[in-house]
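Only one structure is covered here, and it is reproduced in the block below.
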Amino acid sequence: MTTSCFAVENVTFTYRGSSVPALDHVSFTIEEGAFVLLCGKTGSGKTTLLHMLKKEMTPHGILHGRRLYKGKEISGLDSRLSASQIGYIMQDPDSQLVCDSVSRELAYGLENLGTPSDRIRRIVAETASLLGLSEIFHARTDQLSGGQKQLVALGAVLAMGAQVLLLDEPCSMLDPLAAADFFAVLERLNREAGITVILTDHRLERTLPLCSQVLLLKEGQLRFFGPSAGSPAALVDAGMAAALPAAARIYLKTGGTGPCPLSVGEGRQYLSRLAKLEEKPVPPDPLPRGELVLSIQDAWFRYQKKGPDVVRGLNFSLYAGEIFALIGTNGSGKTTALSLMAGLLRPYSGRIKRVRDTAMLPQNTKTLFLQDTVGEDLRRAAAHLGRGQKAVEDVSQQLGISQLLDKNPRDLSGGQRQKCALCRLLLTDAPVLLLDEPARGLDAPARQELSQLLQCLAGQGKTVLFVTHDVEFAAQTAHRCGLFFDGTVLAAAETFSFFIESTAYTTAARRISRGITPPAVTVEQLAAFLEADREA
Amino acid sequence: MKKTDTCHPLPLLLFFLAAVLYSVLYTHPVPAALSLIGGACFLGLYHPIPLGEIPFYLLLFLTVCLGNPIFVPRGRTVLFFLFKIPITIESLVAGVVNGMLLLSVLLWCRAMFYALQGDRLLYLLGKRAPKTALILSMTLRFIPMLTRRFREIRSAQRGCGGTGAGKIRSAALYFGALVSCALEDSVTAGTSMECRGGDLPGRSFYAPYVFTRRDKWITGILMLLILGILSLTVLGAGSFRFYPTLSGIGDARLASPFYILYGFFMLLPSLWELWGRIVYARSVSRAFPSEKEVLS
């Protein structure tokens, strides 16, 4: 029998100054070597629960019940043991790193433990080779990509001898490729080194197939704790159906029986058992085009005189009333292209014609707010943009953020802040909105809401162009999509044909149904086909 | 990798401190010229300064060269009168020597900055003051992060109609936002440090450098040179009189070994760097013969 790693017995926790408990009579036991996905909606208490498992992170408040780590009460753990054995990794890749170079960062925890220099050398070397950090070993931490930063943060706790990893949405700021790499490393550590992993993530489609157990919280109460294959029904009950992997959503929509498929491969097996439809090409309806609002002809741009070209011969046109999604990996120059369109940067060659005014939403929306409250910021912006206070009321009502105006922009959740930022953008009254990664870090309901909001804005005559690496969000929202690669836009096409033609950059529903059913890009389309098939 | 970078930080520090101190110590045309040549050669080989900065150094040099005879009307041998100010040869030579001194100190300091930055600087501090080293490391990380944040905030505002305030007022607003960003970041960083045992007593220091036999040799040679130069100075070499008339270059028996030692000392890092390059080029050409050699 394996020993228990964490035993939580009847824990109830109430934050200071709050009357509602954040955790309500939660009990569970996590065995050593488990890979646990902790899920729940925003505000369900999952981060609080994760903090409960680490002595140093335990928040202030009233706590009842017992929390045991290997049979010892967590609050009474030796500081050295707690710091070294229980590793905690946060969401923000930027601010959790402490030192200037990768090697120093890896050594930091060991220095705190008082490890002699010779031993640090060896442990740091082993950790770097284990995680593939040798190439960037001497690099400065501020020059790393987000994915590399998270790997360094992981290495820093592993070097200290972590036996348990607690991760709070470690990949919500990363692009899908970097996230996949990070999760692959986690899986390997779990499988090969027997390290216990407990993580929260709002993108269940990538983590659910990976983990061995799911722990589901709703309003502070434990709703489900068991193997991941049995979790979909409980997740639907907790109102998280939209966050489920495409395979599981198809399974649930078709009222499937047997084990629920979670990964794309399992989904394909399930679908081929279910349906014997022919793949017939369906010609898409060409969309009506509005007037040209923005055009770029052969634009070239570089940041430094002798640096590489980031935008290389970009040709692009945007038409009134459409939603365009620019898809590509991080570091491909999408943000630079967007800044060129917004007029924040100027190309050294080529022409950019901005027929209509543009407004741009930055990737980090925190940078948009300069005042202490959202309302103050919006009112000031409205004043200098020559719009009355009425405009602030109207726009905030339209976006449903009237109750947030008195809050500090830093206290908002990701989804709320995104809406407030959009409100700030709409105050400019610019007909063209350029959005940089608007769906980054949002959970499923917030993404859904944002998608509807953008469609609504397009319906009112706004033109929206957004940059994303989230294909599902693009498929759900955009009219047209284009692939940004090597400094230029390739294959701009109607969303449906774009995803049908794509081999790698396509949605999970398409990957599951390719060759099995008529072309379908979203789960809803696929479900409609299956429904029609069953009726026929 | 540069040969200098393979050296242990301690002998590097020893050399650069001695080079800067000696450059200031000898107001003498020959050592000043040797120090300037040494500094310029080393910087050229190790970390060339951008071409655009060379006029600045030349201007500085010329200012000191010409400023001295204009403002210090001492010396006996008058060359000519400039607006009734006697320009003397002694004063002109003193100006040139001072200019060379200033320039050589600047070049050596710059070389020291390049050679002892980042990890090496931390190492030198870390042994004595691990906490200071940690703070320095954190600061080195913070500065580029804040610069980037500031740019982000500025372009975010410009992207949606600006702040409506003037340049200075806008900058103040950006700065305010930057401070709150920084505070937020430091709270996260603080938590991350606490999670990794940042407040445990008995902190050690990770020193990624090993003091090898070669480093011992280098330190030994440096010490010998430094002491040799010092003892010759005590015996009377290395002094020079500008006013009222220029003294000679010095007693040949004492001066020649002094110049040789001093020149060798100042050119040592350049010679070492050059030697490293030659060794590297030869070993590479042997290990990876060019296409032409293989074909013939």
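Summary table below
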item	result
Cα-centre dipole for the stretch A:405-494 with unit charges at Cβ (Lys and Arg positive, Asp and Glu negative), debye to 20	260 debye
Extension gain from A:Glu376 to A:Asp533, taking 0.36 nm per residue of separation minus the Cα-Cα distance	51.0 nm
Within 10 Å of each Cβ in B:137-146, the average number of Cβ atoms from other chains	5
Carbon and sulfur %, accessible surface of the protein assembly as shown computed with the full protein complex present, 1.4 Å	59 percent
Ordering of B:279-288, A:223-232, A:423-432 by burial proxy (mean other Cβ atoms within 10 Å per residue, highest first)	A:423-432, A:223-232, B:279-288
Value at 222 nm in deg cm²/dmol, rounded to 500, when DSSP H runs of n ≥ 4 in chain B each add -39,500 (n - 2.57)	-24500 deg cm²/dmol
Spatial separation of Cα centroids for the stretch A:307-325 and the stretch A:288-303, in angstrom	6 Å
Note, ³J(HN,Hα) from phi for the stretch A:443-460, Karplus 6.51, -1.76, 1.60, rounded to Hz, x at Gly and Pro	7, 4, x, 5, 5, 4, 5, 4, 4, 5, 4, 5, 5, 5, 4, 5, x, 8
Label-reachable residues, the stretch A:361-394, where backbone N falls under 16 Å from a point 7 Å from B:Val179's Cα toward its Cβ	A:370-373
Modelled FRET efficiency - R0 22 Å, B:Thr63 with B:Ile85, Cβ distances, 0.05 increments	0.85
GNM top mover of B:Gly202, B:Gly95, B:Gly238 - chain B, alpha-carbon springs below 10 Å	B:Gly202
P(r) of the protein assembly as shown over all Cα-Cα pairs, binned every 10 Å from zero, in whole percent	2, 10, 16, 19, 18, 14, 9, 6, 3, 1, 0, 0
Vicinal HN-Hα couplings computed from phi for the stretch B:27-41 (Karplus, 6.51 cos²θ - 1.76 cosθ + 1.60; Hz; Gly/Pro x)	8, 8, x, 5, x, 4, 5, 4, 5, 5, 4, x, x, 5, 4
Amide H within-cut-off set for A:Val311, under 5 Å, with H built and near neighbours excluded	A:Phe301
Length released on extending from B:Arg110 to B:Arg277, taking residue separation times 0.36 nm less the Cα-Cα span	58.0 nm
Interface residues in the stretch B:147-162 - accessible area drops by 50 Å² or more relative to the isolated chain, probe 1.4 Å	B:Arg148, B:Ala156, B:Gln157, B:Gly159, B:Cys160
Residue mean of other protein chain beta carbons inside 10 Å, A:363-375	5
Among the listed pairs A:Lys41/A:Lys407; A:Lys70/A:Lys149; A:Lys55/A:Lys149; A:Lys462/B:Lys167, those beyond 26 Å (Cα-Cα)	A:Lys70/A:Lys149; A:Lys462/B:Lys167
Relative packing of peptides A:248-256, A:151-159, A:107-115, B:126-134 - highest average C-beta neighbours within 10 Å first	A:151-159, A:107-115, A:248-256, B:126-134
Partner chain coverage, peptide A:116-127 - average Cβ within 10 angstrom	3
Helix-only [θ]222 nm of chain A, DSSP H runs n ≥ 4, -39500 (n - 2.57) each, per residue, nearest 500	-10500 deg cm²/dmol
0 to 90° range, to nearest 10: angle between helix A:389-399 axis and chain A longest Cα axis	70 degrees
Near-label residues of the stretch B:1-45 by backbone N, under 18 Å of a point 7 Å along Cα→Cβ of B:Met223	B:8-19
Interface residues in the stretch B:192-212 - accessible area drops by 40 Å² or more relative to the isolated chain, probe 1.4 Å	B:Glu194, B:Cys195, B:Arg196, B:Leu200, B:Arg203, B:Ser204, B:Tyr206
Distance from the stretch A:109-140 to the stretch A:1-76 (C-alpha centre basis), Å	31 Å
Residues with amide H under 5 Å from that of A:Glu322, placed H, sequence gap 5 or more	A:Val464
Two-site label geometry, A:Tyr348 and B:Thr212: point separation in nm, points 7 Å out along Cα→Cβ	4.1 nm
Cβ-Cβ FRET estimate between A:His384 and A:Val355, R0 fixed at 25 Å, reported to 0.05	0.55
Interchain or long-range residues, amide H under 5 Å from A:Ala22's placed H	A:Phe13, A:Thr14, A:Tyr15
Global geometry of the stretch B:58-158, whether rounded, prolate or oblate, following the gyration tensor of its Cα atoms and the 1.5 cut on a/c	oblate
Efficiency of FRET between A:Gln143 and B:Arg286 - r from beta-carbon atoms, R0 51 angstrom, step 0.05	0.90
Å² of accessible area per residue within the protein assembly as shown, as computed with a 1.4 Å probe and no ligands counted	46 Å²
Dipole magnitude of the protein assembly as shown, debye to nearest 20 (Cβ charges: Lys/Arg +1, Asp/Glu -1, about Cα centre)	2380 debye
Mean separation of Cα contacts under 8 Å (6+ apart) over length of chain A, as relative contact order %	14 percent
Value of relative contact order over chain B, rounded to a whole percent, pairs C-alpha under 8 Å and six or more apart	30 percent
Loss of accessible area when A meets B, both sides summed, Å² nearest 100, probe 1.4 Å	4700 Å²
Table column - 3J(HN,Hα) (Hz), the stretch A:303-319, Karplus curve with 6.51, -1.76, 1.60, x for Gly and Pro	7, 10, 3, 9, x, x, 6, 8, 10, 10, x, 6, 10, 6, 10, 10, 10
Computed label-point distance, nm, for sites A:Ser27 and A:Gln455 using a 7 Å Cα→Cβ extension	4.5 nm
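The values are calculated or read from the model by the stated rules, or taken from the named source; none is laboratory data. All of these numbers come straight from a predicted model, not from anything done at the bench. Neighbour counts run over all protein chains shown; Cβ positions are idealised from the backbone, glycine included. Protein only, heavy atoms only, side chains kept; ligands, DNA and RNA dropped before computing areas. Shrake-Rupley method; radii C 1.70, N 1.55, O 1.52, S 1.80 Å.
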